[in-house]
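Report on the structure given below.
The values are calculated or read from the model by the stated rules, or taken from the named source; none is laboratory data. Note that the structure is predicted; figures quoted are calculated from it, not measured. With ideal geometry, Cβ positions are generated from the backbone for all residues, glycine too; neighbour counts draw on all protein chains shown. With ligands, DNA and RNA removed, areas are computed over all heavy atoms of the protein, side chains included. Shrake-Rupley method; radii C 1.70, N 1.55, O 1.52, S 1.80 Å.
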Amino acid sequence: MIVMKFGGTSVGTGERMANVARLTQRAFEATGQAPVVVVSAMNGVTNSLRRAAETAAAGDPETFRLIRRELQERHFQAIAECVADVELARGLRAEVSELLHGFETLCQSIYTLGELTPRGMDAVSGLGERLSARIVAAAMRSLGLKAQMVEATEIIITDDQFGAAAPLFEETIPRAQAKLLPLVQEGIVPVVTGFIGATRRGVPTTLGRGSSDYSATILGRCLNAQEVWIWTDVDGVMTADPRIVPDARTLPTISYGEVAELSFFGAKVLHPMTMQPVAQMDIPVRVLNSFNPDHPGTLITNRPSDHPIVKGITAIRDLSLITVEGRGMQGVPGVAGRVFTAVARSGASVLMITQSSSEQSICFVLRTVDTPGVVKAVEDELALELMRGSIDAVRSHDGMAIIAVVGAGMRGKPGIAVRVFQALAERNINIVSIAQGSSEYNLSLVVAQEDVDEGVRAIHRQFGLHEI
Ligand code: ADP
Ligand code: ASP
Ligand code: MG
């Protein structure tokens with residue numbers, strides 16, 4: 001069985017939903033079995049829902065009402081475009097109105113309370129998938145397929161880390177099998193809401209922004225799928241983001257480890273957790289273009305290939321470099337440990353760490369949104385040393401970015417770093433800091449944000465990635 005996921009632009013209009021129905025029919029005919037389909041919200045909808053909740057919490061009673069009207073109009077329009085049957089369309093409009101009524105009621109109470117909890121945010125932001133999945137299932141029926149919308153809240157059981165919940169496989173596997181396999185056996189296509197799940201007690205959660213990819217591989221693992229196909233709006237995993245590097249190329253194959261590294265370091269094409277459920281089970285993942293379905297896309301498996309040595313260049317923006325400096329760092333064991341314990345307490349994650357050989361400073365990179373909390377936490381931890389002057393200061397520099405150069409073939413190959421430095425030096429781009437990941441799949445460099453796009457293009461060209 002195949003699990004197929006369609007992203008936001010792939011379900012962005014009624015026309016696109018009709019296209020999803022056609023691609024589903026094609027997969028059905030090719031494999032002789034109903035695929036399991038996972039869908040995202042229509043593109044932009046999750047952002048609108050979140051903005052509605054945020055403005056409501058900030059005391060604005062208008063914006064969420066306006067957003068409700070816009071969402072209703074957009075989804076009604078989509079229904080008109082892809083559902084021909086008058087009765088089916090009418091029932092669907094009623095369902096959309098009811099869900100949006102619930103959304104408005106939720107925003108109203110957020111407004112009244114003047115408070116938005118992570119739990120409330122998850123309840124609001126998961127609505128987009130619940131809307132789109134219904135319409136996509138109806139579009140399939142309009143094409144003569146048997147299809148049924150399935151709420152992921154009834155299948156994917158998660159912990160209660162609202163905003164970035166993790167699946168609990170022990171509970172999810174039997175539910176997925178009990179709910180989805182009978183449908184597939186009867187030739188009915190299940191259309192499952194991506195992005196969302198629920199706790200054991202039934203409270204709705206989300207798996208993190210952009211996580212419908214992850215929903216698909218979670219289900220792929222639960223159902224022991226033959227393959228998972230991620231349908232998006234580009235021809236597969238590319239050597240760089242084509243919006244930054246116009247001559248980026250599609251990688252025909254790449255390994256789980258490499259793709260995980262690319263997505264952790266900013267390649268938006270797949271959610272960073274996507275490979276985790278399938279890598280162990282060796283379930284291949286294909287990344288395909290719903291706008292260009294005859295392109296073979298990218299095949300992701302556990303087989304690393306040495307060609308090309310560097311597979312891709314990615315970047316993460318909006319970062320800060322934190323530096324802890326002073327004589328007191330030297331030879332005093334445990335300062336680094338205390339610093340990172342303090343960082344962990346503040347809940348932030350560290351993207352990169354470097355320590356100078358003189359042991360006089362520790363540098364690490366964080367998202368700028370996390371910086372104020374982290375600086376405070378580290379200063380509190382080192383209060384005594386700061387007072388005595390054995391540590392000079394905890395400094396932060398905003399406006400930083402990381403460029404990551406990724407490829408399994410880099411392991412043990414000399415000369416890669418030199419070529420990266422040369423490419424940047426030729427463009428007068430200053431490298432603030434460097435780290436090599438322990439996997440050796442990844443060389444990361446900190447540069448100023450204003451240099452990041454040019455730096456990515458320069459390294460891409462240096463390794464000839466526009467020619468593969
Ligand atoms: P979807 O809605 O289908 O999930 P996303 O917008 O989340 O799609 O991801 C696809 C986008 O990821 C592409 O349009 C592209 O701009 C961006 N992207 C960033 N890095 C890469 C890369 N290395 N390969 C392909 N696409 C990338
Ligand atoms: N709709 C969700 C988001 O925008 C999940 C996804 O698209 O994958 O984050
Ligand atoms: Mg995505």
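Candidates in region 287-324 are the residues that are charged (D, E, K, R) and open to solvent by 60 Å² or more (accessible area, probe 1.4 Å); of these, the one that is nearest to Asp398 (Cα to Cα) is Asp318.
Check whether at least one residue in region 68-80 is of a type in the set (S, T, N, Q), more than 16 Å from ligand 1 (Cβ to nearest atom), open to solvent by 60 Å² or more (accessible area, probe 1.4 Å) and assigned to a helix (DSSP H, G or I), and report yes or no. Within region 68-80, one or more residues are of a type in the set (S, T, N, Q), more than 16 Å from ligand 1 (Cβ to nearest atom), open to solvent by 60 Å² or more (accessible area, probe 1.4 Å) and assigned to a helix (DSSP H, G or I).
Residue-by-condition table, conditions (1) open to solvent by 20 Å² or more (accessible area, probe 1.4 Å); (2) more than 25 Å from Asn47 (Cα to Cα); (3) acidic (Asp, Glu):
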residue: Thr172; (1), (2), (3): no, yes, no
residue: Pro182; (1), (2), (3): yes, yes, no
residue: Pro190; (1), (2), (3): no, yes, no
residue: Ile196; (1), (2), (3): no, no, no
residue: Gly208; (1), (2), (3): no, no, no
residue: Ser215; (1), (2), (3): no, no, no
residue: Thr232; (1), (2), (3): yes, no, no
residue: Asp241; (1), (2), (3): yes, no, yes
residue: Val245; (1), (2), (3): no, yes, no
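Residues considered: Val150, Val136. Of these, the only one that is within 15 Å of ligand 2 (Cβ to nearest atom), β-branched (Val, Ile, Thr) and more than 20 Å from the chain's Cα centre (by Cα) is Val136. Can you tell which of Gly128, Gly114, Gly91 is free of Cβ contacts under 8 Å to residues at least 40 places away in the same chain and open to solvent by less than 80 Å² (accessible area, probe 1.4 Å)? Among Gly128, Gly114, Gly91, only Gly91 is free of Cβ contacts under 8 Å to residues at least 40 places away in the same chain and open to solvent by less than 80 Å² (accessible area, probe 1.4 Å). Taking region 165-266 and the strands (runs of 3 or more DSSP E) fully enclosed by it, the elements with 2 or more residues that are within 16 Å of ligand 1 (Cβ to nearest atom) are at 189-193, 227-232, 253-255. Looking across region 432-457, the residues that are closer than 20 Å to Ser320 by Cβ and open to solvent by 40 Å² or more (accessible area, probe 1.4 Å) come down to Val432, Ile434, Gln449, Glu450, Asp453.
Among Val278, Val269, which is away from ligand 3 (no atom under 16 Å from the Cβ), in contact (Cβ under 8 Å) with a residue 12 or more places away in the chain, closer than 23 Å to Phe195 by Cα and buried (at least 23 other Cβ atoms within 10 Å of the Cβ)? Break it down into steps so the answer makes sense when it comes.
Numbers: Val269 fails: away from ligand 3 (no atom under 16 Å from the Cβ).
Exactly one of Val278, Val269 is away from ligand 3 (no atom under 16 Å from the Cβ), in contact (Cβ under 8 Å) with a residue 12 or more places away in the chain, closer than 23 Å to Phe195 by Cα and buried (at least 23 other Cβ atoms within 10 Å of the Cβ), namely Val278.
Residues in region 184-196 that are touching a Gly at 6+ places or on another chain (Cβ under 9 Å) and either under 15 Å from Glu171 (Cβ atoms) or not β-branched (Val, Ile, Thr) (or both): Gly194, Phe195.
Yes or no: region 20-32 includes at least one residue that is within 16 Å of ligand 3 (Cβ to nearest atom) and among the aliphatic types (A, V, I, L, M).
Of region 20-32, the ones within 16 Å of ligand 3 (Cβ to nearest atom) are 20.
Add one more test, that the residue is among the aliphatic types (A, V, I, L, M), and what stays is 20.
Looking through region 20-32, at least one residue is within 16 Å of ligand 3 (Cβ to nearest atom) and among the aliphatic types (A, V, I, L, M).
Every residue, every condition in (1) under 16 Å from the mean Cα position of the chain (by Cα); (2) farther than 26 Å from Ser263 by Cα; (3) more than 13 Å from ligand 2 (Cβ to nearest atom), yes or no:
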{"position": "Gln185", "(1), (2), (3)": "no, yes, yes"}
{"position": "Pro190", "(1), (2), (3)": "no, yes, yes"}
{"position": "Val203", "(1), (2), (3)": "no, yes, yes"}
{"position": "Leu207", "(1), (2), (3)": "yes, no, no"}
{"position": "Gly210", "(1), (2), (3)": "yes, no, no"}
{"position": "Leu219", "(1), (2), (3)": "no, no, yes"}
{"position": "Cys222", "(1), (2), (3)": "no, no, yes"}
{"position": "Gln226", "(1), (2), (3)": "no, no, yes"}
